[in-house]
1. Please determine, by comparing only the residues of the range 241-267 that are crowded, with 16+ Cβ neighbours inside 10 Å and not charged (D, E, K, R), which one is farthest from the chain's Cα centre (by Cα).
2. How about the range 604-648: which of its residues are farther than 18 Å from HIS594 by Cβ and small (Gly, Ala, Ser)?
3. Output the number of residues of the range 337-353 satisfying the condition of being more than 17 Å from ASN404 (Cβ to Cβ) and in contact with a Phe, Trp or Tyr (Cβ under 8 Å, 6 or more places away or on another chain).
4. Which condition breaks for LEU501 when tested against (1) open to solvent by 80 Å² or more (accessible area, probe 1.4 Å); (2) at pLDDT below 65?
5. Within the range 566-648, which strands (runs of 3 or more DSSP E) (wholly inside it) include 3 or more residues that are under 60 Å from the mean Cα position of the chain (by Cα) and touching a residue at least 24 places away in the same chain (Cβ under 8 Å)?
6. Of these, GLU230, GLU272, GLU238, which one is over 30 Å from GLY440 (Cβ atoms) and surrounded by 15 or more Cβ atoms within 10 Å (Cβ to Cβ)?
7. At least 3 residues that are of a type in the set (Val, Ile, Thr) in each: list the strands (runs of 3 or more DSSP E) lying fully within the range 211-304 that qualify.
8. With respect to LEU61, determine if the residue is modelled with pLDDT of 85 or more, assigned to a loop (DSSP other than H, G, I, E, B), closer than 30 Å to SER127 by Cβ and aliphatic (A, V, I, L, M).
Amino acid sequence: MSDGLLEGSSSLLSKSEDLRTSGVAGTLPWLQGGGEMGQRIRHHDWSATLLGPLPSWPQSLRTIADLMVDSRQPGFVVWGADLTLLYNDSFAPTLGSRHPAALGRPFREVWPESWDRYRSSIEVALSGDVQDAMGQPASSGGRLDWAIGGFMFSWAPVRDDAGKISGFYCVGSGEIDRAPTEERLEQVQKAARIGSFDFDHNSGKAAASPEYLELYGLPGDRSGALSYAEWIGYVHPEDQGWIEAETRKAVADPTRHQLEYDFRITRADTGEMRWLTARTKLIRDTDGRFIRSLGAQWDITAEKDAEAALRASEERYRSFVTHSSEGIWLLELTPPLDTNLSVEEQVELAYRNGRFVDCNDAMARMYGLGRAEDLIGKTLEFPLPSSDPAARAYLAGVICSGYNVTGVESVERDADGNPKYFENSIIAIIEDGWLKRLWGIQRDISDRRRAEEQRTLLIHELNHRVKNTLATVQSIAAQTLRNAGTAQEAKEALEGRLMALARAHDVLTTESWEGAELKDIAAQALEPYRSLGEDRLTMKGPELRLSPRIALALSMALQELTTNAVKHGALSNAIGKVDITWEVSQAEAGNRLHLRWQETGGPPVQPPTRKGFGTRLIERSLARELNGDVRIMFNPEGVLCTVDAPLA
C-alpha cells in the first residue's frame, strides 16, 4: 500500500510506526500482518462496539479475521448482532469515501442501500437456512452472492465457538464481466445518438463520448479535454445566463443531486442552432461538496420544432375562433353521456351534465353577453330552457341524428329571454359509446327569419288588400252604373272614383302601407282642382298619421265630397270655397278625430230627393270603417260633412 493512500485518512497511523510490538497487538498471537487495515483493526477501539476488546473475540472470529486481512482478494467480515464490519486493504477502494470510517460500524449503516435489498436473505442465512441474496438457491456451498465494485462477493456463513452462525466471510471472486452490458449500452447510445460526459470538478475537464462530440459538431480528438468554459461557449447566447445561474444554484445546494433542462446550442462545425435536453447527476463527497458530474444529452430539435408548429397551429386556430363572426363553442359532458340510453334520458343528462367550456366572443354576443367568459360554465338550460317543449324537441332531433348535424335551425333564448334564431352545425366526440364533448358552429339568422316573417306577412296583407280592392272596385262599378243616367255619366263617375282609389293607394304605397298623413290624403283628393285657386281650397289641422284602413276610407270619402262640390256645390261656380279642418281630442277611451268639410259661396243647396251612392259611401261605409259617426248635412249655404271617430 502506498503512502498516498494514507494521506489525510487518520492521525492514528504513520509509516514508521511498528504496531506488531506495541499495545494490545503485542500480546496477540494472531492478527500480526494485514498491511494498513491490519494496523487499523489492531488499534481500533473495539470496546465501543458489540464485538468487545480484541482479546475477548472468539477463536472463530480471530481465525477468519487473520485469513481476511492477509488475503490479496478484496474481502470483508461482518460479525455479531449488528453485523460489525471488518475489511482488508483490497476492499478499501470499493468503499470509496466510506473508508476508513466504515471500520467497526454495522453493515446496515455502511451500505444502507444494499441492506434494504438483502436484509431478508441475510437474516434467513443467520438462522441457518442459507440462500443467495436474490432469493434463489445458493450457487455453491450455501453462499450469498453480492455484486459490488466490479466484484462478485460470496457470503460464506461462519460459526462461533458454540456452533451458531454469528457472521459471514465475504470474498470477491473476480471482476464481473461487464463487456456484453457495456457493448449493448454503447450500441444503444450510438443508435439513439445519446451523448454522455464525465466532468471532474478539480480538473475542470470533461471526458465526452463520441456521440456527445457529434451533437456539438466537435472533432473526435476532443473527447478528454472539454472544459466547462468551452462548453458554455457553445450554448446559445440567450440560454447561457440562466443555465449558468441554475448550475451554480444546484452545485451550491448539498441536497441537489440532479440537474435537468432543455437548452439550445450552436454547433461548432456548421453554426446551426439545435435543441438539446440534458440530464445530469451531481456527485458529492461525504460533506456534500460537489466533486463530479455524470450526464447524458440528446438532440430534441425535431420535438421542439413539432411543439413550435403545434403552438403556431393553435395560435392560428385561436385567431380564427377569436375573429370569426360566427359563434364557435365547445360543450363538455362530465361525466360522459351513454349514447345507448333512450332519447329522453339523453336529453335529461345533457341538461344535467353539459357545460360550455370554450367559446368565442361572437358566440357570447349572440346571447347578449359581453364576452366569452360570461358564457363559459353555463349549462344548456341557459339558451335552451328545459321547460320549453321546442327546445327539448330540438335536442331530441340532435340526438336522433347521432349528434352530427349541419344547417339545423334552432330557436333559443338570449340573456334577456328574447327569442333568437340560429343555424347550427355540430360534431360529436364519442368514444366507446360515450359522448364526451360537442363542437359547434352557429350563425345568427334572427334578422333573416324576421325578414322572412315580414315577407310572409306582407304577402298575406297583399292578398287581403287585393281582395278588398277588387271588392271595392266591384262595389263602385255596380253602384255607379246603377245610379248613372247615361252611359257617359257612368263612365265619368266610374273613372273618377277609380282614380281616387288609385291616388289613395299611391299615398299608402309611398309609406310602404304602414300608414299616411291626413294632410297628404286631403291634398291628394283636392289636387285635381288646385287650378281653381289656392284661396278656394284650404286645409288646416295638426300632423296626424292614420292607419292604412282609415286613410283609404277617408280618401274615398273626400273624393266623393270633392266630386259633388265640383258638379253641384261650392266648386261649381267661380266664387265658392271648400274648407277642410280637423283636430284631435283626448278622452278616457283614447284620442278621437274630429274632421269637418264645409262648403260656402256656392249655389243654394237643396236636399236630394234620394241618397245616391256617394252619400251612402260616406255615411255608411266610412262610419263602419272608422267605427265612428259620419254625417252629411245639405244646408242651403253649403254642404257640411262631419266625422267623429276614434284613432285607436
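The values are calculated or read from the model by the stated rules, or taken from the named source; none is laboratory data. What you see is a predicted model; the values in this text were computed from it and never measured. All Cβ positions, even for glycine, are placed from backbone atoms using ideal geometry, and neighbour counts span all protein chains on display. Quick note on the areas: whole protein, heavy atoms, side chains included, nothing else; ligands and nucleic acids left out. Shrake-Rupley method; radii C 1.70, N 1.55, O 1.52, S 1.80 Å.
1. First, the residues of the range 241-267 that are crowded, with 16+ Cβ neighbours inside 10 Å: 243, 247, 250-251, 259, 263-266.
After this cut, where a residue has to be not charged (D, E, K, R) as well, the list is 243, 247, 250-251, 259, 263, 265-266.
Values: ILE243: 32, THR247: 35, ALA250: 36, VAL251: 39, LEU259: 32, PHE263: 28, ILE265: 33, THR266: 36 Å.
Top of the filtered list is VAL251.
2. Keep residues of the range 604-648 that are farther than 18 Å from HIS594 by Cβ, which gives 604-617, 620-621, 624, 634-638.
Selection gives GLY612, GLY614, SER621, GLY638.
3. Within the range 337-353, residues that are more than 17 Å from ASN404 (Cβ to Cβ) and in contact with a Phe, Trp or Tyr (Cβ under 8 Å, 6 or more places away or on another chain) number 1.
4. In the conditions (1) open to solvent by 80 Å² or more (accessible area, probe 1.4 Å); (2) at pLDDT below 65, LEU501 misses (1) alone.
5. Numbers: elements: 577-585, 592-600, 629-635, 638-646.
No strands (runs of 3 or more DSSP E) qualify here.
6. Values: GLU272 fails: surrounded by 15 or more Cβ atoms within 10 Å (Cβ to Cβ); GLU238 fails: surrounded by 15 or more Cβ atoms within 10 Å (Cβ to Cβ).
Within the list GLU230, GLU272, GLU238, the selection yields GLU230.
7. Values: elements: 258-266, 273-284, 290-299.
Strands (runs of 3 or more DSSP E) meeting the threshold: 273-284.
8. Details: modelled with pLDDT of 85 or more: yes; assigned to a loop (DSSP other than H, G, I, E, B): no; closer than 30 Å to SER127 by Cβ: yes; aliphatic (A, V, I, L, M): yes.
Spelling it out, it is not the case that LEU61 is modelled with pLDDT of 85 or more, assigned to a loop (DSSP other than H, G, I, E, B), closer than 30 Å to SER127 by Cβ and aliphatic (A, V, I, L, M).
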